[in-house]
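Asker: Mind having a look at this structure? Questions to follow.
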Amino acid sequence: MSLAPSDGNHQDHGRPARLPDDTADRDKWLTPRKKATLLRLEREAAHRENFRKRGEKASHRLRHTYDQIKQLRATATRRTLDRQHQTTTCLARTYGTVVVETLTITNTVKSAKDTVEEPGKNVRQKARLNRSTSQEAWGRTVTTLTYKLARPGSTLHKVPAPGTSLLGPPGMTPLTRARSTRRRPTPRALPSR
């Protein structure tokens with residue numbers, strides 16, 4: 001989860017949110033060796049699933065493979081929660097006042113519509129954004145910050161989200177004004193014939 005406090009002290013935990021091929025890394029909290037094991041187990045499970053008939057009970061080997069996958073996923077989840085607690089504890093100890101946007105996460109991750117007749121705009125990018133947003137657990141971060149900031153007497157302020165990303169740092173003009181004063185290209189005269 002990357003947090004960006006206004007003082008520029010960004011929290012990215014030293015782990016990139018994206019892989020080199022620009023896909024989200026949902027198993028970023030696993031070591032490369034554990035990732036390879038997880039991939040091998042998922043392939044084994046898919047292979048064994050091919051031999052199972054519809055409605056047939058899963059074999060002991062298949063259930064054992066699923067259990068191993070579940071254990072690796074639980075490890076990644078525990079590491080994610082641990083990192084989230086470390087980050088929120090650091091924020092609670094460092095800052096007296098924390099301000100967060102009041103976001104409705106379910107509305108944020110709504111999918112972009114795309115059909116063959118009417119293709120949507122930037123559907124693939126929206127899908128990537130939705131995936132990474134879902135993986136970050138913003139709601140749980142705010143909940144954790146709420147109870148951690150209440151202990152030492154700090155405060156957590158929730159501000160409405162509309163328009164907050166258009167404002168620059170305090171004391172500066174809003175970004176929309178800066179964009180509107182940008183120099184516009186002048187139209188070129190057409191060559192005479």
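Asker: State which residue pairs qualify: first residue closer than 10 Å to Thr88 by Cα and in contact (Cβ under 8 Å) with a residue 12 or more places away in the chain and inside region 130-149, second residue of a type in the set (D, E, K, R) and assigned to a helix (DSSP H, G or I) in any location, beta carbons under 9 Å apart, and separation of 6 or more residues or different chains.
Answerer: Qualifying pairs under 9 Å: Lys148/Arg93.
Asker: I'm trying to understand the selection: among the residues of region 106-126, which are under 20 Å from the mean Cα position of the chain (by Cα) and at pLDDT 70 or above?
Answerer: Keep residues of region 106-126 that are under 20 Å from the mean Cα position of the chain (by Cα), which gives 106-112, 122-126.
Scanning region 106-126 gives Thr106, Asn107, Thr108, Val109, Lys110, Ser111, Asn122, Val123, Arg124, Gln125, Lys126.
Asker: Condition first: among the hydroxyl-bearing types (Ser, Thr, Tyr) and touching a strand residue (DSSP E or B) at 6+ places or on another chain (Cβ under 7 Å). Can you find one or more residues in region 95-112 that meet it? If you could, list the steps in order and put the result at the bottom.
Answerer: Taking region 95-112 as the starting set, the residues that turn out to be among the hydroxyl-bearing types (Ser, Thr, Tyr) are 95, 97, 102, 104, 106, 108, 111.
Retained after the next criterion (residues that are touching a strand residue (DSSP E or B) at 6+ places or on another chain (Cβ under 7 Å)): 97, 102.
Within region 95-112 (the criterion being among the hydroxyl-bearing types (Ser, Thr, Tyr) and touching a strand residue (DSSP E or B) at 6+ places or on another chain (Cβ under 7 Å)), the answer is yes, since at least one residue qualifies.
Asker: State all residues of region 133-164 that are assigned to a helix (DSSP H, G or I), closer than 18 Å to Gln86 by Cβ and polar (S, T, N, Q); if no residue qualifies, say none.
Answerer: Gln135, Thr141, Thr143, Thr144, Thr146
The values are calculated or read from the model by the stated rules, or taken from the named source; none is laboratory data. Fair warning: this is a prediction, and the values are worked out from it, not measured in the lab. Virtual Cβ from ideal backbone geometry, glycine too; neighbours counted across all protein chains shown.
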